[in-house]
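Visitor: Below you will find the structure I want to go over with you.
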Amino acid sequence: MELLTKSAKTVADYMKLPEGTRVELFEGEFFMSPAPRYDHQKIIVRLVILLDAHVRPKWLGEVIVSPFDCLLSETSAVQPDVLFVATANLGRIQGC
């Protein structure tokens with residue numbers, strides 16, 4: 001990951017970035033990663049298919065793929081490749 005700036009940033013700063021900007025905010029710092037490679041994407045697809053096949057029939061929650069902002073604190077906002085949200089926590093997802 002490439003460091004973009006050293007000044008302390010917040011989720012508010014992150015939300016001001018243009019949509020589609022490939023940046024994550026971690027502990028007050030912006031980081032930019034290169035686009036995922038082909039093999040990485042193949043693995044993510046297979047993982048999502050397997051997870052969803054387990055989660056959906058049992059109503060355990062939702063499997064979500066990136067890009068999807070995951071706000072962890074006032075100074076951390078990340079976009080995990082794959083995110084599982086348990087049914088009990090689905091109310092935490094905003095914008096549904």
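The values are calculated or read from the model by the stated rules, or taken from the named source; none is laboratory data. Computed from a predicted structure; not experimentally measured. Cβ: placed from backbone, ideal geometry, glycine included. Neighbour counts: every protein chain shown. When the accessible area is computed, the model is the full protein with side chains, heavy atoms only, and any ligands, DNA or RNA have been set aside. Shrake-Rupley method; radii C 1.70, N 1.55, O 1.52, S 1.80 Å.
Visitor: If residue 8 passes every condition in (1) in contact (Cβ under 8 Å) with a residue 12 or more places away in the chain; (2) assigned to a helix (DSSP H, G or I); (3) open to solvent by 70 Å² or more (accessible area, probe 1.4 Å) but one, which one does it miss?
Guide: Checking residue 8 against (1) in contact (Cβ under 8 Å) with a residue 12 or more places away in the chain; (2) assigned to a helix (DSSP H, G or I); (3) open to solvent by 70 Å² or more (accessible area, probe 1.4 Å), the one that fails is (2).
Visitor: Just to verify a result, which residue in segment 11-29, among those that are open to solvent by 50 Å² or more (accessible area, probe 1.4 Å) and small (Gly, Ala, Ser), is nearest to residue 73 (Cα to Cα)?
Guide: Across segment 11-29, the extreme among qualifying residues is 12.
Visitor: Every residue in segment 41-58 that is under 20 Å from residue 69 (Cα atoms) and free of Cβ contacts under 8 Å to residues at least 24 places away in the same chain, please.
Guide: The answer is 41, 45, 52.
Visitor: Consider residue 37 against the criteria (1) farther than 24 Å from residue 8 by Cβ; (2) of a type in the set (D, E, K, R); (3) in contact (Cβ under 8 Å) with a residue 24 or more places away in the chain: it satisfies all of them except one. Which criterion is unmet?
Guide: All conditions pass for residue 37, except number (3).
Visitor: Those residues that are surrounded by 15 or more Cβ atoms within 10 Å (Cβ to Cβ) and among the charged types (D, E, K, R), I need them from segment 39-96; list them, please.
Guide: Passing the criteria: 52, 62, 69, 81.
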